[in-house]
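The values are calculated or read from the model by the stated rules, or taken from the named source; none is laboratory data. Here the structure is a predicted model, which is why all the values come from computation and not from measurement. Cβ sites come from the backbone with ideal geometry, for glycine too, and all protein chains shown count toward neighbours. Heads up: the accessible areas ignore ligands, DNA and RNA and are worked out on the full protein's heavy atoms, side chains in. Shrake-Rupley method; radii C 1.70, N 1.55, O 1.52, S 1.80 Å.
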Amino acid sequence: MNTNIKKNNIEINEITYKYQKGRCVFNNFSLQLNVNESTVITGKNGCGKTTLTKLIMGILKPNNGYIEIFGQETKKLTLGQIGEKIGYVFQYPERQLFSTSVMDELVFPLILKGYDKEEVDKRAEKMLKLFELNQVKNSYPFFLSYGEKRRLAIASVLMNKPEYIILDEPTASLDSERVEILSQVMDKLRAEKIGFLIITHNDYFMERHGDRIINMEEGEIISDKRL
């Protein structure tokens with residue numbers, strides 16, 4: 001096996017996952033994702049899209065089978081270790097915003113980990129500029145517009161310099177202008193060789209950003225194509 005290929009993949013190997021109430025979401029489900037490209041997953045609500053991303057991130061654990069990211073099994077990694085490799089932006093961005101200001105949201109986690117403050121501040125200033133958040137850097141995150149919260153959530157995961165980003169319904173509640181701004185940001189990230197796994201129903205967003213489009217239904221892949 002070519003280990004270099006394996007290290008550039010997320011490998012989902014014959015996983016089974018059942019909720020505690022008994023509903024089986026996945027049964028011997030397998031999928032390989034190349035982290036150097038942008039993959040879109042679409043499908044009706046309840047088909048398993050968000051559950052799949054939570055399994056990849058280690059938030060949920062498969063009942064059977066295993067998942068590898070960059071050649072390492074997720075069961076051997078902490079949530080923090082996975083989060084340093086893969087940035088995860090929730091469907092509802094306010095669920096991952098905790099600090100009292102936009103700037104603190106960006107710098108506090110890394111300062112807490114012992115990173116050099118000057119270096120962290122420089123990284124944060126770059127994110128503020130990239131995501132057009134300079135004017136609200138001292139604002140309380142919950143007072144931001146939905147689009148600003150979305151951009152802040154993405155900026156905060158990028159502070160860890162992840163190699164891959166998962167976006168769950170990134171265009172939800174955004175108007176066409178904000179979708180275009182988000183698209184331009186993602187274009188810049190793609191230019192920096194950052195890949196994506198995107199959950200979306202937005203056809204425009206799908207076609208613009210998808211190298212590969214996977215359609216799911218009831219925990220199974222019903223189509224898998226490249227654009």
Looking at segment 8-41, which of its residues are among the acidic types (D, E) and assigned to a strand (DSSP E or B)? E11, E14
Filtered residues of segment 68-116 (kept if within 15 Å of I166 (Cα to Cα) and β-branched (V, I, T)): I69, I82, I86, V89
Output for segment 175-196, where each listed residue is open to solvent by 60 Å² or more (accessible area, probe 1.4 Å) and in contact (Cβ under 8 Å) with a residue 60 or more places away in the chain: R190, K193
Of the residues L77, L97, which is within 26 Å of L182 (Cα to Cα) and open to solvent by less than 80 Å² (accessible area, probe 1.4 Å)? L97
Among the residues of segment 50-88 satisfying the criterion of being assigned to a strand (DSSP E or B) and within 11 Å of the chain's Cα centre (by Cα), which is nearest to L33 (Cα to Cα)? I86
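Table: residues versus (1) buried (at least 17 other Cβ atoms within 10 Å of the Cβ); (2) at pLDDT below 90; (3) touching a strand residue (DSSP E or B) at 6+ places or on another chain (Cβ under 9 Å).
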| site | (1), (2), (3) |
| --- | --- |
| E132 | no, yes, no |
| S173 | no, yes, no |
| R208 | no, no, no |
| E220 | no, no, yes |
Testing G87 on (1) without any contact (Cβ under 8 Å) to a residue 24 or more places away in the chain; (2) closer than 28 Å to K129 by Cβ, one condition comes back false. Which one is that? (1)
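Yes or no, residue by residue, for (1) open to solvent by 10 Å² or more (accessible area, probe 1.4 Å); (2) under 17 Å from the mean Cα position of the chain (by Cα); (3) within 30 Å of G48 (Cβ to Cβ):
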| residue | (1), (2), (3) |
| --- | --- |
| D121 | yes, no, no |
| A124 | no, no, no |
| Q135 | yes, no, no |
| S139 | yes, no, no |
| K149 | yes, yes, yes |
| I154 | no, yes, yes |
| K161 | yes, yes, yes |
| P170 | no, yes, yes |
For segment 200-220, indicate whether the set of residues that are among the hydrophobic types (A, V, I, L, M, F, W, C), more than 21 Å from E94 (Cβ to Cβ) and in a loop (DSSP other than H, G, I, E, B) is non-empty. no
Take the residues in segment 100-112 that are aliphatic (A, V, I, L, M) and more than 20 Å from V185 (Cβ to Cβ); name whichever of them is most open to solvent (accessible area, probe 1.4 Å). L112
The lone condition Y115 fails out of (1) over 30 Å from I10 (Cα atoms); (2) open to solvent by 20 Å² or more (accessible area, probe 1.4 Å) is (1)
Matching option when the condition is within 13 Å of I154 (Cα to Cα) and β-branched (V, I, T), among I111, I82, I86: I86
